[in-house]
Amino acid sequence: MSRSTGSQRPQTAPGEEERAAVSALSHAEKIESARNRALKILTATAKSRHQLEERLLKAGEEPEIVTELLDRLENVGLLDDAQLAAMIVRTRFSERGQTRRAIAQELRRKGIDGEVAEEALAQVDDADEAGAAVEVARKKLRQTASLDRPVRIRRALGALGRKGYSSGVAMQAIQSVLAEEPAIPDDGGSTEDDLGDTGPGDDWI
């Protein structure tokens, strides 16, 4: 009677290997499906991890598959919240003149981590915001040059308020721009005192 030597492979029940192969293939197919969907979303517009996760789950992808895919996308650099946050801060500030406060709200809505957001917002300081406020005020006051001064001030305050500037910063910016304008002869109408008496008005948000 012969005796077998060496280790023997554990026997598997009939069909077990086939089921394992099908299970592995099914997982790979799910990852591929989620990957294709994610890349299509990212091609249209940059998303944070939180935003992409929401979109994939809403589309019916399984939570475990989504988590694994998002980790993979982060590892290869296709998903980067820090890079996205930095880009949002740069564009919102330089192109729209928004404040850090307003931009921070947008970053929170996108689900970007607080520490990541703070690091991105550090690109802008108080002096940057003060300068941007002057530019916003100058643009609005130029657009309303034909109107009475109180109306111009009120509308400039509204424009600055909607971008997140505090009333104090907004008023300083408006004063700075108005000081550059030629003096208007006193005809009994509005005066420099109007600047101090004019409140935010209906335009302030």
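Each reported figure results from applying straightforward, stated rules to the coordinates on display, with no laboratory input. In this text the structure is predicted, and so the values were computed from the model without any measurement. For neighbour counting, all protein chains shown are included, and Cβ atoms are generated from backbone atoms with ideal geometry for every residue, glycine included.
Can you tell me which residue in the range 89-115 is nearest to the chain's Cα centre (by Cα), limited to those that are among the aliphatic types (A, V, I, L, M) and under 19 Å from residue 45 (Cβ atoms)?
Filtering the range 89-115 for residues that are among the aliphatic types (A, V, I, L, M) and under 19 Å from residue 45 (Cβ atoms), the one nearest to the chain's Cα centre (by Cα) comes out as 107.
Looking at the range 78-112, which of its residues are outside any helix (DSSP H, G or I) and touching a residue at least 24 places away in the same chain (Cβ under 8 Å)? Reasoning before the result, please.
First pass over the range 78-112, keeping only residues outside any helix (DSSP H, G or I): 78-80, 97-99, 110-112.
Residues satisfying the conditions are 78, 79, 97, 98, 99, 110, 111, 112.
Find the residue count for the range 135-175, including only residues that are among the polar types (S, T, N, Q) and under 15 Å from residue 100 (Cβ atoms).
Our first condition is that a residue be among the polar types (S, T, N, Q); within the range 135-175, this holds for 143-144, 146, 166-167, 172, 175.
Among the residues that remain, those that are also under 15 Å from residue 100 (Cβ atoms) are: 166.
Counting residues in the range 135-175 that are among the polar types (S, T, N, Q) and under 15 Å from residue 100 (Cβ atoms) gives 1.
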